[in-house]
């Protein structure tokens, strides 16, 4: 949604905001400064993990458990129950399912299985975002929340087809909320790089980006097959390239269809009033 001016936004009785930005830029931290009594919080990652990928996640855990003779016996006799404890602040079961490409002896996945899981995540992320209007309505009509906040996945920019102005995910987001893009500073990107180097985590990649990255990595490292890749080595090598790839996509979406704030500006947000003031500042700058 776009607004004539800041007052137009302030007079919006049932506000809805979608936070866009790379993982680690501060979307969830910003969301946590809003009172839960006034804002219904919709986490796209939580919806992905608990609704659309719950079964594959559990199947993966059970497959690993079945390799242990002790757990295998208990599972086959229905003596134990396995579940994943995904929360807004703990998405490890989801990222663990995505896995890493490379050598099986180091915990990696073969290319076919890795790509299959990537595509499951893509489908799940699209489905979760298309659920957003339903949850906005639920928040207001069932739970009596006046306002709605969507904490989008860090990979949202990847599932939107930028050359299609009628992309269904983009339409849902912009028809039902104000899109607020948090642009990472160079310092923030460096901090995100450093975390990725110290603790490589599974990530989602678009098909075209992944194919190009694999080819470049194999050539650079002198390898002939993805089965030779050390999983953490690929993740740390590809991460800066992924950020470079995503940055213009974030910028295009935020600047064209929403409003932009700089990551350093969220440091001053302590409560709902600060949050509203920051959005109004972004609207005024874009006018």
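Values in this text are rule-based calculations from the coordinates and carry no lab data. Worth saying up front: this structure is predicted, and the values here are computed from it rather than measured. Ideal geometry is used to build each Cβ from the backbone, glycine not excepted, and the neighbour counts take in all protein chains shown.
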- Query: Helix 207-221 versus the longest principal axis of the chain: what angle, 0 to 90°, nearest 10, using Cα atoms?
  - Reply: 50
- Item | Degrees, to the nearest 10: 272-286 long Cα axis against longest axis of the chain | 80
- Note on the structure: If N is the residue count of segment 183-266, its Cα Rg over 2.2 N^0.38 Å rounds to 1.27
- Which value results for Rg/Rh of segment 145-287 when Rg is the Cα radius of gyration and Rh the Kirkwood radius based on the inverse mean 1/r? 1.03
- Calculate, in nm to one decimal, what residue 268 and residue 106 gain on full extension: separation in residues at 0.36 nm each, minus their alpha carbon distance. 54.0 nm
- Note on the structure: Extension length gain for residue 243 and residue 277 (0.36 nm per residue less Cα distance), in nm, is 9.3 nm
- Message: Once each part is reduced to its C-alpha centroid, what is the distance from segment 6-37 to segment 207-250 in angstrom?
- Response: 33
- Could you work out how far helix 54-65 tilts from the main Cα principal axis of the chain, as a 0 to 90 degree angle to the nearest 10? 30
- Message: Rounded to the nearest 5, what % of DSSP beta bridges with both residues in segment 6-286 are antiparallel?
- Response: 5
- GNM flexibility winner over the chain from 260, 169, 238 (Cα, springs under 10 Å): 238
- When a footprinting reagent is the concern and you count Cβ atoms within 10 Å, what order do 235, 17, 243 take, fewest first? 243, 235, 17
- List the pair-distance distribution P(r) of segment 105-213, using every Cα-Cα distance, as the percent of pairs falling in each 10 Å bin from 0 up to the bin containing the longest distance, rounded to whole percents. 11, 33, 33, 19, 4, 0
- Query: Based on the Kirkwood radius over alpha-carbon pairs, what value in µm²/s does the Stokes-Einstein equation return for the translational diffusion coefficient of segment 45-177 at 37 °C and 0.692 mPa s?
  - Reply: 193
- Answer check: the chain, Cα atoms, Kirkwood Rh, Rg/Rh ratio of 1.00
